[in-house]
Amino acid sequence: MEAVRLIEAGRRALAVTGGAPDVMAEAWQAQALARAVGGRLARCGPAELRTEARQLGEIGGLGTVVALDGPAVPVGVVRASLLTEVTDVHRALTALGDLLGEVGIALVGVACDTEDGLYWQCIEAIDAVDESLDRVHAMLRRLAEPPSEYGHERGTDGEHGGDRSGEPRPEGERAPGHERDGPRAVVRGAAESVARPS
């Protein structure tokens, strides 16, 4: 399923949560989806995003956003496992940032109205969500930069835009195997397996 559709499904589910366990479950879902999108962009996304995307894909253990006794995340309904493509990178990152922001607000609400054990799990979850949101915002800033600010890919001969022959490539031509760059890239592939809470 396309990233924006999954993210919007997460936002709708979060909007109708009925209590702390549901909020924690949706926080787990959102973090799992953020990691999946980050992993996909790190492998196949625009080159200028790959450092932050890899960091997003590696943030925290998903167990940090699991409520006491585990959230109600039924087998087969982990949204991140349904991710198949990122059609519009900018739109997906914007939507993901909105989802993470809403999750953070919901977690603060739970933390302010709960007992000690769940409180500290909420704090850990808020930290993970904030870190993910920082990476998403960094990628959005990177996409907003003019191409000249992040330069050209180096060729194998060490020169900008060159190839093995030392000759510069014509404008718009990419080296063999080079993925499509830019915020409108379509990033496709089979969904990754998503770690479930133990």
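The values are calculated or read from the model by the stated rules, or taken from the named source; none is laboratory data. Not measured: the values here are computed from a predicted model. Neighbour counts are summed over all protein chains in view; Cβ atoms, including those assigned to glycine, are modelled from backbone coordinates with ideal geometry. Areas reflect the complete protein model, heavy atoms only, side chains present, ligands, DNA and RNA absent. Shrake-Rupley method; radii C 1.70, N 1.55, O 1.52, S 1.80 Å.
Remarks
- For the residues Met24, Met1, a 1.4 Å probe over the protein chains yields an accessible-area ranking, largest first, of Met1, Met24.
- Amide proton proximity set for Thr87, modelled H, under 5 Å, gap of 5+: Ala3, Val4, Val187
- Ranking Trp28, Trp120 from most to least accessible surface, computed with a 1.4 Å probe over the protein chains only, gives Trp120, Trp28.
- Couplings 3J(HN,Hα) for the stretch 80-93, derived from phi with the Karplus relation 6.51 cos²θ - 1.76 cosθ + 1.60 (θ = phi - 60°), are 4, 5, 8, 5, 10, 7, 10, 6, 10, 4, 4, 5, 5, 5 Hz, where x marks Gly and Pro.
- Nearest-0.05 FRET efficiency for Ile105 and Arg5, computed from C-beta distance (R0 22 Å): 0.45
- Applying 1/(1 + (r/R0)^6) with R0 = 45 Å to the Cβ-Cβ distance of Cys112 and Ala47 gives a FRET efficiency near 0.60.
- Per-residue Karplus couplings for the stretch 106-120, computed as 6.51 cos²θ - 1.76 cosθ + 1.60 with θ equal to phi - 60°, are listed in order as 4, 5, 4, x, 5, 4, 7, 9, 8, 7, 4, x, 6, 4, 5 Hz, Gly and Pro entered as x.
- Using the Karplus relation 6.51 cos²θ - 1.76 cosθ + 1.60 with θ = phi - 60°, the per-residue 3J(HN,Hα) values for the stretch 17-31 come to 5, x, x, 4, x, 5, 4, 5, 5, 5, 5, 4, 4, 5, 5 Hz, with x marking Gly and Pro.
- Accessible heavy-atom area order of Asp113, Asp130, highest first, probe of 1.4 Å: Asp113, Asp130
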